[in-house]
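Below is one structure, written out as structure tokens; comments come after it.
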Amino acid sequence: MGFMENKNTLDNIVALCKRRGIIYPNSEIYGGLGGFYDYGPVGVEMLNNLKRYWWKNMVDKRENIVGIDGTIITHPKVWKASGHVENFGDEVVECKGCHQRFRPEDIEDKCPNCGKKEFTEPRSYNLLFQTEVGVIEGSKVKAYLRGEACQNIYLNFKNVVDSTRQQIPFGIAQIGKAFRNEVTPGRFTFRSREFEQWDLQFFVHPDDMGKYFEYWKEERMKFYKELYRKHENLRFYQHPKDKLAFYAKDAYDIEYLTPWGWAENEGIHWRCDYDLTQHMKFSGTDLTYTDPITNEKYIPNIVETSGGVGRTFLYLLLDAYEEEDLGEGNIRTVLKIHKDIAAYRAAIFPLVGNKEEIVNKAREVFNLLSDSYKVVWDGRGNIGKRYRYQDEIGTPYCITIDYETLENGTVTVRDRDTMKQERVKIEDLDEIIG
Ligand code: GAP
């Protein structure tokens with residue numbers, strides 16, 4: 001069996017996602033809307049698993065982190081305080097031929113659309129989406145869809161301190177949508193206009209910043225190493241000091257090596273006391289923390305870890321996608337994705353769909369396993385085709401119920417990665433696929 005180097009991995013993944021119900025272009029029947037995507041029946045299971053995986057690692061397993069779920073629209077002053085209204089921008093240039101707009105770094109010497117070589121001077125462009133709150137014309141208030149999910153965490157810092165048993169150092173975690181009217185959305189979901197972020201804001205005493213910054217850098221890299229197969233495709237990138245936001249002391253990205261080069265997966269940011277100070281200034285509310293033991297009063301400093309959920313999902317597909325040459329022109333497409341992220345832990349196949357005893361026995365196996373795992377039923381077509389389908393969506397195990405099952409209570413378990421088949425007792429299945 002050989003592995004094929006494929007130059008069109010992203011195109012093949014886009015096609016696979018559509019073919020197998022992982023990701024669809026949004027509003028496709030209307031011609032699509034650039035930078036917006038929907039997750040299909042298989043994709044939504046994977047996405048939920050991925051978010052649960054993060055939540056388990058970041059919230060459930062830690063005594064000093066709690067979660068929130070904040071709104072997409074907040075008080076408009078939030079975005080003035082955060083600096084987004086003033087300077088959440090990209091530079092854009094406009095092609096003088098076709099009038100399409102690009103980020104300067106996305107063009108080489110000519111327009112990617114029409115080939116003309118003349119552009120306007122770069123202008124700054126705000127990425128926030130605007131909307132209105134209220135019903136009466138004239139009294140509507142301009143508001144923004146959140147440009148980053150983390151602001152809700154700062155807004156609720158005092159609520160969480162007042163309503164939980166947490167004391168600094170502690171963190172608030174959230175998974176939620178963010179919206180950016182990107183100039184050049186593209187590379188599938190890599191740069192979208194609507195996407196999800198998984199954020200942790202970890203609140204610490206200013207003297208402890210260095211220690212916790214290092215701690216979270218390592219923890220987050222460990223997280224991605226457990227998720228992806230190809231560790232050589234992960235690295236840290238330290239932001240140059242002269243490119244840091246004025247309040248930031250340090251920042252690293254965890255990057256993944258994509259077919260278009262190293263690209264950001266998550267940022268780990270040393271934010272000092274900037275966020276709480278800004279919200280104190282703009283809201284007039286005191287967000288100072290009082291240490292319950294020493295009575296010291298201070299504005300907490302923040303270590304932020306902020307990653308893209310959709311982007312991680314895309315990198316997972318890149319990391320897992322294989323086309324294997326089985327010989328004689330037989331190519332197997334398989335997603336060797338982490339088994340906790342796969343949409344289904346196992347597929348249940350009755351060998352033949354019209355033999356009642358076999359179907360009933362297969363239903364028993366389905367019901368037995370579905371208490372603990374997400375499993376999927378497939379009684380259509382020959383077993384070889386069913387294997388191929390499950391390989392393409394990354395199902396780690398296929399379980400076939402046949403005539404022998406009726407005689408001795410054993411089934412065939414086929415492993416996605418090795419393609420090996422093994423005859424096992426039904427009562428041992430839980431241990432095998434667990
Ligand atoms: N609160 C900090 C913050 O928002 P960011 O680096 O702008 O930092 C964090 O975003 C993560 O969100 C990025 O590492 C990336 O994974 C994801 N992200 C940012 N813009 C995105 C976009 N247009 N489409 C998909 N994911 C995006």
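Applying the selection to segment 116-132, what residues are open to solvent by less than 70 Å² (accessible area, probe 1.4 Å), modelled with pLDDT of 90 or more and out of contact with any Cys (no Cβ under 9 Å at 6 or more places or on another chain)? Break it down stepwise before answering.
Kept after step one, since they are open to solvent by less than 70 Å² (accessible area, probe 1.4 Å), are these residues of segment 116-132: 119-120, 122, 125-129, 131.
Applying the additional criterion that residues be modelled with pLDDT of 90 or more yields 119-120, 126-129, 131.
Selection gives N126, L127, L128, F129, T131.
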Handout entry: Selection from segment 175-213 of residues that are near the ligand (Cβ under 7 Å from one of its atoms), small (G, A, S) and either open to solvent by 20 Å² or more (accessible area, probe 1.4 Å) or in contact (Cβ under 8 Å) with a residue 40 or more places away in the chain (or both)
Key = S192
Fill in the blank from the handout: By residue number, the members of segment 284-328 that are more than 17 Å from G267 (Cα to Cα), charged (D, E, K, R) and within 16 Å of the ligand (Cβ to nearest atom) are D319
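Criterion first (over 30 Å from Y224 (Cα atoms) and aliphatic (A, V, I, L, M)) does L368 satisfy it? Please lay out each step first, then the result.
Working: over 30 Å from Y224 (Cα atoms): yes; aliphatic (A, V, I, L, M): yes.
Yes.
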Practice task
Please identify the pairs in which a residue from segment 253-271 that is closer than 22 Å to E214 by Cα and at pLDDT below 95 has its Cβ atom under 8 Å from the Cβ atom of a residue that is open to solvent by 40 Å² or more (accessible area, probe 1.4 Å) and within 10 Å of the ligand (Cβ to nearest atom), counting only partners at least 6 apart or on another chain.
Solution key: none
Completion exercise
For strands (runs of 3 or more DSSP E) lying entirely in segment 188-284, having 1 or more residues that are of a type in the set (D, E) picks out 194-204, 250-258, 261-270
Problem - Where V376 falls short, out of the listed (1) at pLDDT 95 or above; (2) outside any helix (DSSP H, G or I); (3) out of contact with any strand residue (DSSP E or B) (no Cβ under 6 Å at 6 or more places or on another chain) - result: (3)
Handout entry: Single unsatisfied condition, T294 versus (1) open to solvent by 80 Å² or more (accessible area, probe 1.4 Å); (2) touching a strand residue (DSSP E or B) at 6+ places or on another chain (Cβ under 7 Å); (3) more than 24 Å from V59 (Cα to Cα)
Key = (2)
Problem - Verdict on I302 being touching a residue at least 60 places away in the same chain (Cβ under 8 Å), part of a strand (DSSP E or B) and of a type in the set (A, V, I, L, M, F, W, C) - result: yes
Fill in the blank from the handout: Reported set for segment 338-355 where residues are modelled with pLDDT of 95 or more and of a type outside the set (F, W, Y) is H338, K339, D340, I341, A342, A343, R345, A346, A347, I348, P350, L351
Problem - Selection from segment 163-202 of residues that are modelled with pLDDT of 95 or more and hydroxyl-bearing (S, T, Y) - result: S163, T164, T189, S192
Practice task
For segment 87-97, state whether one or more residues are open to solvent by less than 40 Å² (accessible area, probe 1.4 Å), in contact with a strand residue (DSSP E or B) (Cβ under 8 Å, 6 or more places away or on another chain) and within 30 Å of S283 (Cα to Cα).
Solution key: yes
Practice task
Give just the number: which of (1) farther than 23 Å from G70 by Cα; (2) at pLDDT 90 or above; (3) buried (at least 17 other Cβ atoms within 10 Å of the Cβ) does Y144 not satisfy?
Solution key: (1)
Practice task
Please work out if I331 is over 30 Å from V204 (Cβ atoms), crowded, with 19+ Cβ neighbours inside 10 Å and away from the ligand (no atom under 16 Å from the Cβ).
Solution key: no
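Looking at G134, G97, G83, which is the one that is away from the ligand (no atom under 14 Å from the Cβ) and at positive phi? I'd like the intermediate steps shown before the answer.
Details: G97 fails: at positive phi; G83 fails: away from the ligand (no atom under 14 Å from the Cβ).
Just one listed residue meets the conditions, G134.
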Completion exercise
Out of (1) within 14 Å of the ligand (Cβ to nearest atom); (2) in contact with a helix residue (DSSP H, G or I) (Cβ under 7 Å, 6 or more places away or on another chain); (3) at pLDDT 95 or above; (4) farther than 24 Å from T9 by Cβ, the one D250 does not meet is (1)
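Residue check: is R229 under 18 Å from the mean Cα position of the chain (by Cα), modelled with pLDDT of 95 or more and open to solvent by 80 Å² or more (accessible area, probe 1.4 Å)?
On the way: under 18 Å from the mean Cα position of the chain (by Cα): yes; modelled with pLDDT of 95 or more: yes; open to solvent by 80 Å² or more (accessible area, probe 1.4 Å): yes.
Yes, satisfied.
The values are calculated or read from the model by the stated rules, or taken from the named source; none is laboratory data. These numbers were taken from a predicted model, which means no experiment stands behind them. FYI the Cβ positions are ideal-geometry reconstructions off the backbone, even for glycines, and counts take in every protein chain you see. Side chains are part of the model used for accessible areas, which takes the heavy atoms of the whole protein and leaves out ligands, DNA and RNA. Shrake-Rupley method; radii C 1.70, N 1.55, O 1.52, S 1.80 Å.
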